[in-house]
1. I need the fraction of alpha carbon pairs in the stretch 157-276 separated by more than 19 Å, rounded to a whole percent.
2. Let me make sure I get this right: for the stretch 162-218, a, b and c are the square roots of the gyration tensor eigenvalues over alpha carbons, sorted descending. Under 1.5 in a/c it's rounded, otherwise prolate if a/b > b/c, else oblate. Which is it?
3. Please state the charge dipole magnitude for the chain, taken about the Cα centre, from unit charges on C-beta atoms (+1 on K and R, -1 on D and E), reported in debye and rounded to the nearest 20.
4. Go through CYS21, CYS43 and list them by solvent-accessible area, largest first, probe radius 1.4 Å.
5. Restricting to Cα atoms and excluding each atom paired with itself, what does the Kirkwood estimate give for the chain in Å?
6. Sorting check: for 332-345, 225-238, which peptide has the highest mean count of neighbouring beta carbons within 10 Å, and how do the rest follow?
7. Compare the peptides 8-16, 75-83 by average per-residue count of other Cβ atoms within 10 angstrom and give them in order, highest first.
8. Roughly how big is the stretch 322-362's charge dipole about its Cα centre, with Cβ charges of +1 (Lys, Arg) and -1 (Asp, Glu), in debye to the nearest 20?
Amino acid sequence: MATHPFLTKNRFLLGTFSTNCSGGMTVSKLPGRWKADWQHNLCIGKMLDDAGIDFMLPIARWIGYGGETDFHGYVLETVTWATALLANTKNITVFATVHTVANHPVVVAKQIATMAQVGGTERVGLNIVAGWNKPEYEALGLTLPDDHETRYGYAQEWFDIVKKLWTHDGPFDWDGKYFHLKHTYGNPKPEFQPPIFNAAGSGQGREFASRNADFLFTPAIDLSRSKQEVAELIQLGKTNQRNVNVLTFSHVICRPTEAEAKADWQKLQDNADWAAVDNLIKLQFAHAQSFPHDLLALIRERFAAGHGGFPLVGTPQQVADGISSLHEAGFAGTTLSFFDYAEEFPYFRDNVLPMLEARGIR
């Protein structure tokens, strides 16, 4: 199968994260917070496409995090969301985020192949989630395995089936540990294997990503740590004879003056839905290993303003400097989130993107 064009882009990648979820990445009670309905997603999708942004990445959620706002309680399903965006854009790559346990691999393989025809086979991506949110499992009538070995063992067999459906001609049987398939096959097939995203913090999760993903997501909390971590993750991929790049996620508050940006950051802290923030952190720390536990106080503040993302807060120059620092730390790209994506992205587009282009990283 040919190499997907997304994997050959020679620039620092920029995408958006979580526009399909109420509040986006901001756990706030403020009025005007992101409304994740289809019209708002279509609006920002077309803006991003016209601006040359590389990708859109959704979060797959089934229940919210409670609190006064029930953060992420209103969520557009990601396969149908991505398909509709692909049909209404021209260049941007759109990812579907898929939980392995809630979606059968034969169904997902066909969904992705169908999406490739809707938007052009060069523009569809797959973000694989092995599972960590126990209340969501319970909402689906499922049991979250306590050990990461089981979660990622299941995910590996799941993705092995998907890949075989995309590449194997004719019917085949599958007799594995988790799946037993008779006379299955996949038509149509995508021309390119879609780029694969995965976010993992545990050792088992990162082994899975190094064997299967093209891009591994990890938080950028302390860039001095990040530089070493990124180098180690890239090397882990090489031990599996694969090129695995590392992405992170960021939250943008870009204003004409630093004072305005800092004031808006503080406004988010003063109006955070702290009950939802604490529920989110509790679940992350109980069932996932994505964030360093020794930085809890800093993480809590960043979760309120951007779901734990790297803060890009300040003037266009300062925001561009922050993105440049991520590039210098070895990250291959970052997602961007805003309090209101459609309202705030144009200022970022007009003032920050030209600086990044002038610096040669876009």
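The values are calculated or read from the model by the stated rules, or taken from the named source; none is laboratory data. What you are looking at is a predicted structure, and each value in this text was computed from that prediction instead of being measured. Cβ sites come from the backbone with ideal geometry, for glycine too, and all protein chains shown count toward neighbours. Note: areas computed on protein heavy atoms with side chains; ligands, DNA, RNA excluded. Shrake-Rupley method; radii C 1.70, N 1.55, O 1.52, S 1.80 Å.
1. Tail of P(r) above 19 Å: 65 percent of Cα pairs.
2. Oblate, since a/c reaches 1.5 and b/c is not below a/b.
3. Computed about the Cα centre, the dipole is about 600 debye.
4. CYS43, CYS21
5. Evaluated on the chain, it is 20.7 Å.
6. 332-345, 225-238
7. 75-83, 8-16
8. In debye, rounded to 20, the stretch 322-362 gives about 220.
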